[in-house]
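Shown next, in structure tokens, is the structure this report addresses.
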Amino acid sequence: MSDDNIVKIFTASEVTVLLLKGRLEELGITSMIKDNFKSGVAAGFYGGPPETVDLFIQEKDMDAATPVINEFKDNQVK
């Protein structure tokens, strides 16, 4: 995935982000995970809270992804 025109669509725990990532991949939508905590640990410093993982997609996929994202959010335990 190119860094051109990527948008953050969701932030949650790693497990939750992986669930949404899988759902998007079923529809052919490529996504990218950014985990500052794991990146920081690998580099030898604190990178942020472990429960905050970001999910990004390409801007061109937003129209197809939005209903899936909204349904996923609506079905999350509150």
Nitroxide proxy distance, nm - points 7 Å out along Cα→Cβ at residue 68 and residue 26: 0.9 nm
Cut-off under 5 Å, modelled amide H: who pairs with residue 9 long-range: 55, 56, 57
Local electrostatic count, residue 18, Cβ distance below 11 Å [Lys/Arg +1, Asp/Glu -1]: -1
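Rule-based calculations on the coordinates, nothing more; no lab input. No experiment lies behind these values; they were computed from the predicted model shown. FYI the Cβ positions are ideal-geometry reconstructions off the backbone, even for glycines, and counts take in every protein chain you see.
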